[in-house]
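The values are calculated or read from the model by the stated rules, or taken from the named source; none is laboratory data. On a predicted model such as this, the values are computed, not experimentally measured, just so you know. A quick note on method: Cβ atoms are made from the backbone with ideal geometry, for glycine too, and the neighbour counts reach across all protein chains shown. Just so you know, the surface numbers come from the protein's heavy atoms only, side chains and all, with ligands and any DNA or RNA stripped out. Shrake-Rupley method; radii C 1.70, N 1.55, O 1.52, S 1.80 Å.
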Amino acid sequence: MRYCRFQRPDGPQYDEVVNQDGRDFVTRLMAPPPEDKVCVLASEKIKPVAVQDVKLLAPVLPSKIVCVGRNYRDHAHELGNEAPREVLIFLKPPSAVIGPGACIRMPDISQRVDFEGELGVVIATECRNLPEREELRGYIRGYVCANDITARDLQKSDGQWTRAKGFDTFCPLGPMVSGEIDPWAGVELETKVNGAPRQHGNTKDLIFSLDRVIRYISSIMTLYPGDLILTGTPAGVGPLKAGDTVDVSISGIGQLKNPVQA
């Protein structure tokens, strides 16, 4: 299943997304996932509306965003780092989340803000200390396009990454959550800036597999429904400037497009 979250006159709602003749439509209002404590609408059929004609919101409301750093060898090397021997994680605050079409805002105190297109994993079920032999797919609700916006100069000067990764608007998510792709088999990711290709990767090239990542994180902290894991970015990251538009695309999910403003 694929679903989105969009704005209606009566408030944000969730809706199943169905492809008809090559176009995506919202067709059935869904009961909200457990992490959304505000939306209470039950399932209800509606007249189909093209996804492009609704105001999409971030489809996930995570209690936390756990990110994996340097999970593609080519990206680690392009920044002058060795590939890690153990899973490297950091956190982004939920306040950084924005949806498709929302503006990425450049902080005044940074001179270089980079895009980092990534595959996001949305947790379905509370989990902690997942054992090695347990099948993990049942703990995954679906996948989403993500952009781990980073103030690169602050990341370097601070020595730790909280400030560089944590500004408001620094975690665009969307356009929908899809349970219809298989990252284990390989999923293509591409990032463009102003229409020009900048990043291209495949989840088959992850240093640490989703199994390894999810088990590692669950050994440290409880993961709750709606929590988000960003799995790392491939090579090709680079700076953004006011007036740019950055577009993260993942096969089977769609395009996450955001303008940049000063």
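In table form, for the structure just shown:
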quantity	calculated
Elements of type strands (runs of 3 or more DSSP E) contained in the stretch 1-87, each with 3 or more residues being among the aliphatic types (A, V, I, L, M) and under 23 Å from the mean Cα position of the chain (by Cα)	23-30, 65-69
Options 112, 105: the member that is modelled with pLDDT of 95 or more, basic (Lys, Arg) and more than 19 Å from the chain's Cα centre (by Cα)	112
Restricting the stretch 103-129 to residues that are acidic (Asp, Glu) and assigned to a loop (DSSP other than H, G, I, E, B), the residue that is nearest to residue 226 (Cα to Cα)	126
Subset of the stretch 122-139 (residues that are closer than 19 Å to residue 186 by Cβ, open to solvent by 10 Å² or more (accessible area, probe 1.4 Å) and touching a residue at least 60 places away in the same chain (Cβ under 8 Å))	none
Lone unmet requirement of (1) over 15 Å from the mean Cα position of the chain (by Cα); (2) surrounded by fewer than 23 Cβ atoms within 10 Å (Cβ to Cβ); (3) within 27 Å of residue 5 (Cα to Cα) for residue 237	(3)
Qualifying residue in the stretch 196-206 (condition: in contact (Cβ under 8 Å) with a residue 60 or more places away in the chain and out of contact with any Pro (no Cβ under 9 Å at 6 or more places or on another chain))	yes
Single unsatisfied condition, residue 204 versus (1) assigned to a helix (DSSP H, G or I); (2) surrounded by fewer than 15 Cβ atoms within 10 Å (Cβ to Cβ); (3) in contact with a helix residue (DSSP H, G or I) (Cβ under 9 Å, 6 or more places away or on another chain)	(3)
Residue match in the stretch 180-187 (condition: out of contact with any Ser or Thr (no Cβ under 8 Å at 6 or more places or on another chain), assigned to a helix (DSSP H, G or I) and exposed (fewer than 14 other Cβ atoms within 10 Å of the Cβ))	no
Residue ID - nearest to residue 190 (Cα to Cα), chosen from residues in the stretch 240-262 that are assigned to a loop (DSSP other than H, G, I, E, B) and open to solvent by less than 30 Å² (accessible area, probe 1.4 Å)	253
Residue match in the stretch 146-168 (condition: on the phi > 0 side of the Ramachandran plot, open to solvent by 20 Å² or more (accessible area, probe 1.4 Å) and without any contact (Cβ under 8 Å) to a residue 60 or more places away in the chain)	yes
Residues that are open to solvent by 70 Å² or more (accessible area, probe 1.4 Å) and closer than 21 Å to residue 203 by Cβ, drawn from the stretch 71-121	73, 74, 77, 78, 85, 86
Residue that is farthest from residue 259 (Cα to Cα), among those in the stretch 207-227 that are assigned to a loop (DSSP other than H, G, I, E, B) and open to solvent by less than 30 Å² (accessible area, probe 1.4 Å)	208
Residue identified as within 28 Å of residue 19 (Cβ to Cβ), exposed (fewer than 13 other Cβ atoms within 10 Å of the Cβ) and at pLDDT 95 or above among 58, 50, 42	50
